[in-house]
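Everything on this sheet refers to the single structure shown next.
Laboratory data are not the source of any read-out in this text; all were calculated from the coordinates shown. All values reported here derive from a predicted model rather than from experimental measurement. Every residue, glycine among them, receives a Cβ derived from its backbone with ideal geometry; neighbour counts consider all protein chains shown.
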Amino acid sequence: MNCKFPALLFFCLFLVAKGFAAYPDKPIKIIVPTNAGGEIDAMARIFQRAFQEKDLIPVKTVVVNLPGAGGTVGTRRLKEAKPDGYTIGLWAPGIVTSKAMGIVNYDHKDFEVLGTTGYSEIGFGVKDDSSYQTIDEFIGAAKAAPNSIKVATNIGLPVHFFPFLFAEEAGIELKFVQSGGGSIRLASILGNHNDMAMFSLLAFKQFKKSGLRPLVILSGERHDLFPDIPTAKEIGVDLEITDTRIWLAPKGTPSDRLELISNAIKTTLESDDVKEEFISLGLTPEFGTPEELEVFLDDVTQRITPLVSKMRKNR
Amino acid sequence: MDTARSKFSQIDFSICAALFALGGLILWGAKDIPPPFFDPLGSAALPKVCAYLIIAFSLVIAARAFLRLKSETKVASSDDDFKPEPWLAVAVVLLASLYTLSMNLGWLGFRSGTVLFIFSLGAVLSRFDKTTMIVSGGLALLFGLGGQYIFTEFFYIDLPK
Amino acid sequence: MELLNAFQYIFTPGPFLWLLLGVASGIFVGAIPGLGGGMLMALTVPLTFSMDSTHAVLLLMGMHVGSVSGGLISAMLLKMPGTPSSMMSTFDGYPMAAKGKPGLALSLGIGASLLGGVVAGIFLILLAPPLSIWALKFGPWEYFTMVLMALVLIASISQGSMLKGLTSCILGVVAALPGLNDSDGNLRLTFGFEELDDGFNLLPVLLGIFVMSQLIKDALNINKKGTAIQIAKESVFPRFREWKRHIVNILRSSCIGTWVGILPGVGANISSMVSYGTAKTFSKTPEKFGTGHDEGIVSAEAANNANAGGALIPLITMGIPGAPVDAILLGAMIMHRIQPGPLLFTTNGDLVWALMGGYVIANILMFGIMVASAKHLARIVKINRAYLIPIIFIFCVIGAYALSNRIFDVWVVIAFGVVGFFLDRAKYPLGPFVIGYVLAGIMEAELRSGLQSSDGSFMPILTRPISLTFTIIAVIFLAYSIVNEWRMRKASTQSVDTTD
């Protein structure tokens, strides 16, 4: 007893001292809930490289890909990670749709939000030779024959919810067909298996020559790339949504550590080469504060939660 | 010959029992699957079909095994020109599970766990042959330390610490 | 002309060495059960940041081609597929090797890999645009009926009891059931166990059923003396006479492999399943399949290499990755600020030609390396099992764990290993298990997508010409094999009980 006590004390002191050691003193992990090679993964790696090259974070950062179950394998791991600032994650609005679908019982409120970096503007599009030349024709056709226009989606994810929201607001009924990830969705539109799907504006630009054409965009105002394409608001549909990239950390991560990381993220985003890379990925290189995100995600949650039961009653 | 036959049927029967239980488990789990909403089949259709088929097949296989047990036909004897070592097979599963469990619960990291695992399984499989054990020890250090180094320092896999 | 320039470029020291490094490391990693090309490529992508973009793409391409081929070594010699795409090679490659002809098995596999790659390379260079447009015609119903046909064609893939084969197949289907279901976005059969949200993943299941179960079996049979497997004295270099006999099979299998490769979202293992089934159907001796038959080896290996080339076609022409591995290639391109898509030919023409030329040359390099090293690699079988068993398990642990950094996947390997071991003991064939596992997911998903789009009607199976063709083939073959089975039973009523 006598000799154990000082040792214990010493050990405690050691622990305390370790706790006071300057953060960060070991590699920081960035959890990406998709496979390597995806767009979110690419973005995480842009930051990883910038952190290192510009020496914004004094330690190594490591991108850890944890794909599976619509991203919930990764988000769950992030949520359960130690809130010590050594684990952060990068994800998308799927964080709220997974909860709405009942797959997980947590959403962005169960994390510390570091902020958002870049959003991509999105729109709905059809194949070039589709009979719907304008969004008005599209809505007209949907009204004339409800439940006949096929929308390629990935059920339970934003690409499903956003067109559904649009249909609700426009008072039309669409038929949703499960097809899968972005490239498979694109193939199903180009192959005439489905009529319409949601894509980012970058995809519309990139695959213009393959025969993809936007009908409507969901931004606040018209985009320079497609000056002729109206926004949803213009045609009287109250829907303004962008696809954001959200930085998260486990709940309870000390605020000074969060600040260090979010400062690094902000600084990265200000550099010209990163801006350029963002634009080539079709993302607007803007930093969004946690407060802004909160408003956006709360709004999305409020609007999609009642949809789930409606969606399921559809048939 | 007779024991070989009954032993084989024993495996057959226990697998049939396991299949039967599995079928039941799937049916029980399928009860909670919500009814179809996007397509007429729904998520419960395939599991239910599988469960019924498994149950039916397991009954038929059990019946056949039973008939064979009673009948005169001989089961071809296995090519036993060597002595099988069931305990070594058990040791592989046991040590592999222990190794995994120790990493799962954080008792051991990848490095120390791997060193211990390669060495001990090598020792058991060689039935504690001295030369093999020495080589095993070398391999254990090589793969434990080298593996940890390559995969964490070079490829950034977050191996259990 | 551009192609000649591309070849010239690849044969300059820089690009050539990267390609060679890629192929060699791909073969090495592919031959190790547990580690695969996809993992190697994903892990290498960040290391290529500072490289020239064409070099990086060539390196990754080499890894891809190498790993698809390297898997056959362990599949044939140890009955443990080194990569998922080489699982069909265990069916005939291992029995042939076990009969004392490992040299012939390897030579058939390596040769078929090369030719499959070259045929796909020709398609890639000459016909990429029209093929990728035609591939768009494949919708849910076409996928569904194609996979259905494949399933019927390989239905009686294994020897022994039909009933046990079917049971094994359904067990495989069951293994594919749990987890998040894409067709309605709900969890299924997870029993509240969160780790199961993503179900049982392909790699751990395959490692369990094929590799772990074999490790347990090897430990059980550790006293078995070296059997007949001896390293062949003859050259592994394939002989011309041998190839004349297989040329039709190779061409057919390569076309199937290329085609399945073009279809987005379908992996290399499915292409070798389809071509194996087709080869079996066209064969004069279908009953020999699964017992160490040369046609089986050739069809499987030609198809999986051709698949790699086929998958590049939509990637280059449309920016759509044909297989999961190509998504990594795509990601690497994006990170090097190359935007894939239809404009790639005009914006980065040199890179595209280098990529296509690199694919063909990678296959030739693969052939050279494999032929030169096959004899030495064949020694694997002679390694003391006391070393081999623990080390292979370690690789399975790393491979399974690296998927999503979770120990759960390692448990899956062990559990399916035990299941596979007992099924094998009770003479349930394991081939149908993985076939059921791999094909069930895609069949269910495509059927349900089809039903979503047809409002629940099954008619498109008959009204869409491509689906109808597949369905007719499936039905004819099913009828044929039932009649055949019945005839054989009648002919040998005596032996019914023993074959059971």
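With distances taken between every two different alpha-carbon atoms, chain B has a Kirkwood hydrodynamic radius of 20.6 Å. Where in the range A:33-128 are there trypsin sites (Lys or Arg not before Pro) that are in a DSSP coil and have at most 15 other Cβ atoms within 10 angstrom of their Cβ? In loop regions of the range A:33-128 (DSSP not H, G, I, E or B), the sparsely surrounded trypsin sites (Lys or Arg not before Pro) are A:LYS54, A:LYS60. Computed over every Cα-Cα pair of the range A:121-241 and binned at 5 Å starting from 0, the pair-distance distribution P(r) comes out as 2, 13, 24, 28, 22, 10, 1 percent. With neighbours defined as other Cβ atoms within 10 Å of a residue's Cβ, the residues C:TYR480, B:TYR99 order from fewest to most as C:TYR480, B:TYR99. Taking the DSSP bridge list for the protein assembly as shown and keeping only pairs wholly inside it, about 65 percent are antiparallel. When the charge dipole of the protein assembly as shown is built from unit charges on Cβ atoms (+1 for Lys and Arg, -1 for Asp and Glu) and taken about the Cα centre, the candidate among A:MET43, C:ALA120, C:THR54 whose Cα reaches farthest toward its positive end is C:ALA120.
Counting only other chain Cβ atoms within 10 Å of each residue's Cβ, the peptide C:437-448 averages 2.
With r defined as the distance between the Cβ atoms of C:GLN8 and A:ASP272 and R0 fixed at 25 Å, what FRET efficiency is calculated, to the nearest 0.05? E(calc), rounded to 0.05, equals 0.10. Karplus-derived 3J(HN,Hα) values for the range C:390-403, using 6.51 cos²θ - 1.76 cosθ + 1.60 with θ = phi - 60°, are x, 5, 4, 4, 4, 5, 4, 4, 4, x, 5, 5, 5, 3 Hz; glycine and proline are entered as x.
Pairs spanning more than 29 Å between alpha-carbon atoms, out of A:LYS60/C:LYS79; A:LYS205/A:LYS275; C:LYS224/C:LYS490; A:LYS29/C:LYS79; B:LYS70/C:LYS79: A:LYS60/C:LYS79; C:LYS224/C:LYS490; A:LYS29/C:LYS79; B:LYS70/C:LYS79.
Bridgeable lysines around A:LYS109 (alpha carbons under 20 Å apart, same-chain partners fewer than 8 residues away excluded): A:LYS79, A:LYS82, A:LYS99, A:LYS251.
Here r is the Cβ-Cβ distance between C:LYS137 and C:TRP243 and R0 is 35 Å; the resulting FRET efficiency, rounded to 0.05, is 0.55.
Protection proxy ranking for C:208-215, C:182-189, B:121-128, using the average of other Cβ atoms within 10 Å per residue and placing the highest first: C:208-215, C:182-189, B:121-128.
Within the same chain, lysines fewer than 8 places from C:LYS280 are excluded, and of the rest, those with a Cα less than 16 Å from its Cα are C:LYS288.
Measuring from label point to label point, each 7 Å out along Cα→Cβ, what is the A:LEU225 to B:ILE134 span in nm? Result for the modelled spin labels: 6.7 nm. If only the Cβ of Lys and Arg carry +1 and only the Cβ of Asp and Glu carry -1, the dipole of the range B:23-161 around its Cα centre is close to 340 debye. The shape of chain C can be summarised by an equivalent ellipsoid whose semi-axes, obtained from the alpha carbon gyration tensor, come to 32, 28, 24 Å from longest to shortest. Taken about its Cα centre, the range A:162-239 carries a charge dipole of about 460 debye when Lys and Arg each add +1 at the Cβ and Asp and Glu each add -1 at the Cβ. The phi torsions of the range C:73-85, fed into the Karplus equation with coefficients 6.51, -1.76 and 1.60 and a -60° offset, translate into couplings of 4, 6, 4, 7, 8, 10, 6, 10, x, x, 9, x, 5 Hz, rounded to whole numbers, with Gly and Pro shown as x. Across chain A, the mean sequence separation of Cα contacts (distance under 8 Å, 6 or more residues apart), normalised by length, yields a relative contact order of 25 percent. For the range B:2-70, a simple Cβ point-charge model (Lys and Arg +1, Asp and Glu -1, everything else neutral) yields a dipole of about 360 debye relative to the Cα centre.
Amide H contacts for A:VAL104 (H built 1.01 Å from N in the peptide plane; partners 5 or more residues away or on another chain; cut-off under 5 Å): A:LYS99. Beyond 20 Å, what share of the Cα-Cα pairs of the range B:86-154 remains, rounded to the nearest whole percent? Result for the distance tail: 31 percent. By other beta-carbon atoms within 10 Å, ranking B:TRP107, C:TRP353, C:TRP411, C:TRP141 with the fewest at the front produces B:TRP107, C:TRP411, C:TRP353, C:TRP141. Here the label points at A:THR305 and A:LYS82, each 7 Å from Cα along the C-beta direction, are separated by 3.5 nm in the simple model. The label point for A:VAL59 and the one for C:LEU163, both projected 7 Å from the Cα toward the Cβ, are 6.1 nm apart.
Close amide H partners of C:ASN181, meaning residues 5 or more places away or on another chain with modelled amide H under 5 Å apart, are C:ASN186, C:LEU187, C:ARG188. Highest mean packing comes first when the peptides B:55-68, C:80-93 are listed by Cβ atoms within 10 Å, giving C:80-93, B:55-68. Estimated from the Cβ-Cβ distance and a Förster radius of 25 angstrom, the FRET efficiency linking C:GLU195 and C:LEU47 is about 0.25.
The residue list C:ILE380, C:LEU187, C:THR463 was ranked by how far each Cα lies along the charge dipole of the protein assembly as shown toward its positive end, using unit charges on Cβ atoms, and C:ILE380 comes out on top. Given the options B:ILE61, B:PHE38, B:CYS50, identify the residue whose Cα lies farthest towards the positive end of the charge dipole of the range B:2-70 (+1 on Cβ of Lys, Arg; -1 on Cβ of Asp, Glu). Of B:ILE61, B:PHE38, B:CYS50, it is B:ILE61.
Using the Karplus relation 6.51 cos²θ - 1.76 cosθ + 1.60 with θ = phi - 60°, the per-residue 3J(HN,Hα) values for the range A:52-66 come to 6, 5, 8, 6, 7, 10, x, 10, 5, 10, 10, 8, 10, 8, 10 Hz, with x marking Gly and Pro. For the residues of B:146-159, the average number of beta carbons from a partner chain within 10 Å of their own beta carbon is 4. At q = 0.07, 0.09, 0.10 Å⁻¹, what log₁₀ I(q)/I(0) does the protein assembly as shown have when each alpha carbon counts as one equal point scatterer in the Debye sum? Log10 of I(q)/I(0), two decimals: -0.59, -1.01, -1.27. Summarising the amide proton neighbourhood of A:LEU212: residues at separation of 5 or more, or on other chains, whose placed amide H is nearer than 5 Å comprise A:ASP128. In terms of surrounding Cβ atoms within a 10 Å radius of their Cβ, C:LYS101, C:LYS244, A:LYS266 rank from fewest to most as C:LYS244, A:LYS266, C:LYS101.
Figure legend: label point modelled 7 angstrom from the Cα of C:ASN223 along Cα→Cβ; residues of the range B:84-110 with amide N under 12 Å from it are B:84-88. At a Cα cut-off below 16 Å, give the aspartates and glutamates reachable from C:LYS382, other chains included and same-chain residues fewer than 8 away excluded. Once the sequence-local aspartates and glutamates are set aside, what remains near C:LYS382 is C:ASP218.
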